[in-house]
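What follows is a set of notes on a single structure, which appears directly below.
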Amino acid sequence: MATFDDIADALARQAIELPSWAFGNSGTRFKVFAQPGVPRTVEEKLADAAKVHALTGLAPSVALHIPWDRVDDFAKLRAHAEDLGVRLGTINTNTFQDDDYKFGSLTHVDERVRAKAIAHMHECVDIMDVTGSRDLKVWLPDGTNYPGQGDLRDRQDRLADSLARVYARLGDHQRLVLEYKFFEPAFYATDVPDWGTAYAHCVALGERAVVCLDTGHHAPGTNIEFIVTQLLRLGRLGAFDFNSRFYADDDLIVGAADPFQLFRILFEVVRGGGYDEGSGVAFMLDQCHNVEDKIPGQVRSVLNVQEMTARALLVDRDALAAAERAGDVLGANEVFMDAFYTDVRADLADWRASRGLPADPMRAYRDSGYAERIVAERVGGSQAGWGA
Ligand code: AOS
Ligand code: ZN
Ligand code: ZN
């Protein structure tokens, strides 16, 4: 097996984008539990994200969500982020919180509503031009609840047409990242339900259309690492939304529900070149912290991704390939599992300390006094996303 020293340099290029909405109040449709000290402004969300980056060195950028994070002056916001030591990243569109979108957005039968959704996405690209963001993330709530409610084929045709109009607005360096999800809020037929549908639309659009794989968006038992492999092979894996799920789209801390699955996914990422310098795969979190503290929730999340990345990098690929070729089923599995079972936490602590980072970022956060300070300073937190 490779040693920790062998992978130290590769670990240094890890970058995980944080979602602005992870720092605000969130909840389920039953209850939003407000937490003291949550950000009241976008600027305060950026400050919290910058704290996560300062503690871990892993989170240099922040994804924004429009309209939740709309400000009057995005150039000023960009400068503010840079002053804090982070960048503004992916711009997420929102066509799911407006009465007009009850029966769909980019797929809507009514041309007025469809034009409104397209205009919203064009506005998001205008924002990207100012923030310097590369990626426009499109996740759609579109779908139907009952058989016969909508014409499935016509909806696909309208979707293709709408996406083309959005894509046409992108600059040469910008990408459309299309996210799929098998259900919710639609419960019968979702219009972008799976990687194949997302892939087909991306191919029709052009090279700068790529797929976002949200790890929570699959039916139980789905072999997600296979999808990772296939999309990398096809050159269309644009981004991850990392989180974990026990039941539905739970948006829990990545690596909490099934660390082995995260390991298998990251192994295929490494194997397929998705972790190579300049690979074009964006690693993001898409999580909400409903009952746990938010800033340490984000710290825990990026550390979980780092730990599993380290283990994935440790796999002895030569030994694995030899065992695979020899038909040595148990030998190959042992090589794979050896890396998974390697506890890298002490090595990572030393590695962090050698780079001027806290060896234990969770503890460093607890000791920093930041949590107490924001509770004292921020009175009247904003509602930042889900459950709003
Ligand atoms: C929805 O289920 C998707 O995961 C979206 O990526 C995301 O959670 C949403 O856009 C929140 O911003
Ligand atoms: Zn997502
Ligand atoms: Zn989701």
Checklist outcome for this item: Scattering profile of segment 1-111 from the Debye formula, Cα beads only, expressed as log10 I(q)/I(0) at q = 0.15, 0.19, 0.21, 0.23 Å⁻¹, is -0.79, -1.02, -1.13, -1.24
Item to check | Separation of the ALA204 and TYR146 label points, Cα + 7 Å toward Cβ, nm | outcome: 2.8
Checklist entry - Which residues in segment 27-46 place their backbone N less than 16 Å from a point set 7 Å from the Cα of ALA79 along the Cα-to-Cβ direction? => result 43
Checklist outcome for this item: Stretched fully, the stretch from ALA10 through PHE340 gains (0.36 nm per residue minus C-alpha distance, one decimal, in nm) 117.1 nm
Item to check | Relative contact order computed over the chain (Cα-Cα under 8 Å; 6+ residues apart), in percent | outcome: 23
Next on the checklist: On the principal axes of its Cα set, how long, how wide and how thick is segment 118-221? Give whole Å, largest value first.
Outcome noted: 42, 30, 22
Checklist entry - Relative contact order of segment 49-111: what whole-number percent is it, with Cα pairs under 8 angstrom and at least 6 residues apart? => result 35
Checklist entry - How big is Rg to Rh over segment 191-328, alpha-carbon atoms, Rh as the Kirkwood inverse-mean-distance radius? => result 0.98
Checklist entry - What FRET efficiency, computed as 1/(1 + (r/R0)^6) with R0 = 56 Å and r the Cβ-Cβ distance, is obtained for GLU43 and GLU324, rounded to the nearest 0.05? => result 0.65
Checklist outcome for this item: Expected max-MSF residue from PRO147, PRO19, PRO193 in the GNM of the chain (alpha carbon, under 10 Å) is PRO147
Checklist entry - How big is the chain on each of its three principal axes, counting only the C-alpha atoms and giving the largest first in Å? => result 59, 58, 41
Item to check | Axial C-alpha extent at least 20 Å, average Kyte-Doolittle at least 0.0 - helices from the chain (DSSP) | outcome: 42-56, 294-314
Item to check | Residue-averaged [θ]222 nm for the chain, counting only DSSP H segments that reach four residues, each worth -39500 (n - 2.57) | outcome: -14000 deg cm²/dmol
Item to check | In nm, spacing of pseudo-spin labels at MET362 and ALA164 (7 Å Cα→C-beta vector) | outcome: 5.1
Item to check | Cα-centred dipole magnitude for segment 13-313, charges only on beta-carbon of K, R (+1) and D, E (-1), debye, nearest 20 | outcome: 300
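Read-outs: derived from the displayed coordinates by stated rules, not from any lab. Given the structure is predicted, the values throughout are model-derived calculations rather than measurements. Neighbour counts are summed over all protein chains in view; Cβ atoms, including those assigned to glycine, are modelled from backbone coordinates with ideal geometry.
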